[in-house]
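The values are calculated or read from the model by the stated rules, or taken from the named source; none is laboratory data. These figures come from a predicted structure and were not determined experimentally. Because the Cβ atoms are built from the backbone with ideal geometry, glycine has one as well, and the counts that use them run over all protein chains shown. Keep in mind that these areas ignore ligands, DNA and RNA; they rest on the heavy atoms of the full protein, side chains included. Shrake-Rupley method; radii C 1.70, N 1.55, O 1.52, S 1.80 Å.
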Amino acid sequence: MSNSREVAAMPDSSVAVYGAYGHTGRFVVAELLARGYAPLLAGRDRDKLLSLAHHHPGLETRTAAVEDPAALDRVLRDTAAVINCAGPFATTAAPLIEAALRAGLPYVDVAAEIEANHDTFTAFAQPALAAGTLVVPAMAFYGGLGDLLVTAALGDSTAADAAHIAYGLSSWHPTPGTLAAGAVSAQRRGGRRVRYTGGRLQMHDETLPTVRWPFPPPSGDQDVLAGFTMADVVTVPSHLTIPEVCTYMTVSAAAGLAAPHTPAPAAVDEHGRSAQTFVVDARVHVGREQSRMAVSGQDIYAVSAPLAVEAVDRILTGRTKTVGVASAGAAFDAPSFLRALSPHLKPIDARGGVR
């Protein structure tokens with residue numbers, strides 16, 4: 001059901017944000033407003049939507065459960081696109097993609113769940129292509145950013161021997177949504193780990209080794225868990241021929257994620273960002289040659305908002321390379337996309353070698 005307030009802007013500027021009241025959803029709403037779009041606040045909890053709308057007078061709210069296709073159709077009526085910020089995406093992605101395809105709208109989500117993203121590529125490649133629209137999963141810090149960095153590092157090439165993406169998080173205070181999504185993924189894997197090697201996803205039970213990773217200054221050398229697998233193992237191989245894709249996470253951040261009582265992120269500035277900082281260091285190997293791209297920023301959840309909104313803006317203004325289901329690097333020009341994020345992501349010198 002819908003209702004609360006009329007949207008003052010034209011319908012083609014209205015972007016539905018499903019899960020608008022969630023931690024990342026609030027950042028997405030703010031980013032859309034800053035860029036002149038009219039966010040339509042959508043989700044499963046009417047009271048939370050109305051509470052959020054109280055802080056954004058003039059924005060419409062529409063309530064719908066993902067189990068109700070007709071309600072989802074009403075959510076997307078007279079909108080230009082939908083950004084799904086509601087996890088676990090194993091539950092929400094498919095129903096919202098189906099609704100977007102019925103409406104002929106582009107769909108973007110911020111899913112970090114490896115299995116959910118793999119499902120999107122597998123189940124919706126042909127339907128999205130047939131509908132002539134674009135579905136972009138994992139358009140966020142995990143999955144989207146790493147894919148853009150690897151794609152940009154490759155330049156005009158589409159093949160490499162290996163890609164390594166290291167996440168240098170100063171800390172990790174997971175949101176309730178992150179914890180819920182992680183629990184769903186762990187259940188789907190039966191407690192096992194996943195990696196991308198030999199050109200395919202594989203399950204394993206091996207203990208992750210700790211290695212030393214030389215992040216660019218000012219981070220410097222840090223201990224990381226090798227094979228701490230993130231959504232990049234789905235997005236990167238979806239369009240690049242790279243048989244080995246490995247991701248790494250700082251040991252301290254992984255410990256924060258795993259600890260039972262780590263508090264949720266706490267805002268420290270007027271934008272609602274936490275004090276968390278990060279470096280993402282992507283390296284692509286072709287024979288003995290190595291190409292690198294690295295960026296730094298603040299708050300992994302906050303930076304997912306400009307990633308997702310930039311994607312929607314490029315889709316709605318015709319700056320895309322394909323239709324169907326596509327990762328960030330396949331859907332958009334990676335170098336120009338990264339340049340557009342310069343207010344949020346700082347390119348840094350990435351010289352050095354792995355030890």
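I'd like to verify a number: residues in the stretch 47-76 that are in contact (Cβ under 8 Å) with a residue 40 or more places away in the chain and of a type in the set (D, E, K, R), how many?
Of the residues in the stretch 47-76, 3 are in contact (Cβ under 8 Å) with a residue 40 or more places away in the chain and of a type in the set (D, E, K, R).
Determine the pairs where a residue that is more than 22 Å from A112 (Cβ to Cβ), located within the stretch 204-232, has a partner that is outside any strand (DSSP E or B) and acidic (D, E) with Cβ atoms under 8 Å apart, the partner being 6 or more residues away or on another chain.
Going by the 8 Å Cβ cut-off, the qualifying pairs are P216/D349; P217/D349.
Give the stretch 28-58 a look and list any residue that's under 19 Å from S13 (Cβ atoms) and of a type in the set (G, A, S), or say none.
Selection gives A30, A34, G36, A38, A42, A53, G58.
Kindly indicate whether any position in the stretch 27-50 is touching a Lys or Arg at 6+ places or on another chain (Cβ under 7 Å), outside any helix (DSSP H, G or I) and surrounded by fewer than 24 Cβ atoms within 10 Å (Cβ to Cβ).
Let us first name the residues in the stretch 27-50 that are touching a Lys or Arg at 6+ places or on another chain (Cβ under 7 Å), namely 40, 42.
Now restrict to residues that are outside any helix (DSSP H, G or I): 40, 42.
Then drop every residue that is not surrounded by fewer than 24 Cβ atoms within 10 Å (Cβ to Cβ), which leaves none.
The answer is no, given that none of the residues of the stretch 27-50 is touching a Lys or Arg at 6+ places or on another chain (Cβ under 7 Å), outside any helix (DSSP H, G or I) and surrounded by fewer than 24 Cβ atoms within 10 Å (Cβ to Cβ).
Of the residues T210, T178, T197, T235, which single one is within 22 Å of A94 (Cβ to Cβ) and in contact with an Asp or Glu (Cβ under 6 Å, 6 or more places away or on another chain)?
Just a single option satisfies the conditions, and that option is T235.
Would you pick out the residues in the stretch 253-272 that are surrounded by 15 or more Cβ atoms within 10 Å (Cβ to Cβ) and either out of contact with any Phe, Trp or Tyr (no Cβ under 8 Å at 6 or more places or on another chain) or within 17 Å of V224 (Cα to Cα) (or both)?
Within the stretch 253-272, A253, A254, G256, L257 meet the criteria.
Does R102 satisfy being within 20 Å of E60 (Cα to Cα) and in contact with a helix residue (DSSP H, G or I) (Cβ under 9 Å, 6 or more places away or on another chain)?
In short, no.
State which residue is surrounded by the fewest Cβ atoms within 10 Å (Cβ to Cβ) when the search covers only the stretch 217-234 and only residues that are farther than 26 Å from A330 by Cα and among the acidic types (D, E).
So, considering only residues that are farther than 26 Å from A330 by Cα and among the acidic types (D, E), the one surrounded by the fewest Cβ atoms within 10 Å (Cβ to Cβ) is D221.
Results for (1) touching a Cys at 6+ places or on another chain (Cβ under 9 Å); (2) among the acidic types (D, E); (3) within 20 Å of A254 (Cβ to Cβ), shown as yes or no for each residue.
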site	(1), (2), (3)
F124	no, no, no
P127	no, no, no
V135	no, no, no
D147	no, yes, no
A152	no, no, no
H164	yes, no, yes
A186	no, no, yes
G191	no, no, yes
H204	no, no, yes
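Residues that are open to solvent by 10 Å² or more (accessible area, probe 1.4 Å) and within 30 Å of A226 (Cβ to Cβ), at least 2 per element: which strands (runs of 3 or more DSSP E) completely within the stretch 71-184 meet that?
Once the strands (runs of 3 or more DSSP E) in the stretch 71-184 are filtered for at least 2 residues that are open to solvent by 10 Å² or more (accessible area, probe 1.4 Å) and within 30 Å of A226 (Cβ to Cβ), what remains is 162-169.
Identify, please: which residue in the stretch 290-348 is of a type in the set (V, I, T) and assigned to a loop (DSSP other than H, G, I, E, B) and is, among those, least open to solvent (accessible area, probe 1.4 Å)?
Filtering first and then ranking leaves I348.
Restricting to the stretch 185-214, name every residue that is modelled with pLDDT under 95 and of a type in the set (A, V, I, L, M, F, W, C).
Once the filter is applied, which keeps residues that are modelled with pLDDT under 95 and of a type in the set (A, V, I, L, M, F, W, C), the stretch 185-214 yields only A186.
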